[in-house]
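To start, the structure under review is shown below, and the notes come after it.
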Amino acid sequence: MIDRRILVVDDDEHLRELVQACLEDLGGWETLVAASGEECLEILKTEQPNAILLDVSMPGMDGLVVYERLQSNPVTRSIPVILLTAKVLPRDRAKFAEMGVTGVIPKPFQPITLMEEVAEILGWD
């Protein structure tokens, strides 16, 4: 089995812990966590996760700014990014698709199916 490492970026500690538990316990995946966009970018200087779950609404550097920074860096551009967001209006989805975001998981999500949703978006079986 391929090692699967996901970086979870969310300013909400409870949500970060919930996502981490779902992915580790149900998926058997390794997770890295960041509480902010800045911390995410710091981690990516030394780590190469297989994917990033990125909260859109964060204080300071929001998820969309983080995503743009990832896209402008040749090293991180190829890492698939799944947005975790409460904003899932059709126009938002269209905007995210235009930006090249790999997928969107709406909040609140079902913890029991989160791992399956992530695997489906990433094409992991």
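Readers should treat all values here as calculations from the given coordinates under stated rules, not as data from a laboratory. Model, not experiment: these values are computed from the prediction. Here the Cβ is made from the backbone with ideal geometry for all residues, glycine too, and neighbour counts use every protein chain on show.
Looking at the stretch 73-99, I want the residues that are within 17 Å of Asp62 (Cβ to Cβ) and have a partner that is among the basic types (Lys, Arg) with Cβ atoms under 6 Å, at least 6 apart or on another chain. Which pairs are those? What qualifies is Leu84/Lys107; Ala86/Lys107. Would you check which residues across the stretch 86-125 are in contact with a strand residue (DSSP E or B) (Cβ under 9 Å, 6 or more places away or on another chain) and β-branched (Val, Ile, Thr) and list them? Passing the criteria: Val88, Val101, Thr102, Val104, Ile105, Val118, Ile121. Looking only at residues of the stretch 76-103 that are of a type in the set (A, V, I, L, M) and over 15 Å from Val66 (Cα atoms), we find that the one that is surrounded by the fewest Cβ atoms within 10 Å (Cβ to Cβ) is Leu89.
Checking each residue in the stretch 85-125 for being part of a helix (DSSP H, G or I) and small (Gly, Ala, Ser) picks out Ala94, Ala97, Ala119.
Checking each residue in the stretch 22-44 for being hydrophobic (A, V, I, L, M, F, W, C) and either within 20 Å of Val75 (Cβ to Cβ) or without any contact (Cβ under 8 Å) to a residue 60 or more places away in the chain (or both) picks out Leu32, Val33, Ala34, Ala35, Cys40, Leu41, Ile43, Leu44. Restricting the stretch 83-117 to residues that are within 19 Å of His14 (Cα to Cα) and aliphatic (A, V, I, L, M), the residue that is farthest from the chain's Cα centre (by Cα) is Ile112. Counting the residues of the stretch 44-60 that are surrounded by fewer than 16 Cβ atoms within 10 Å (Cβ to Cβ) and not small (Gly, Ala, Ser) gives 5.
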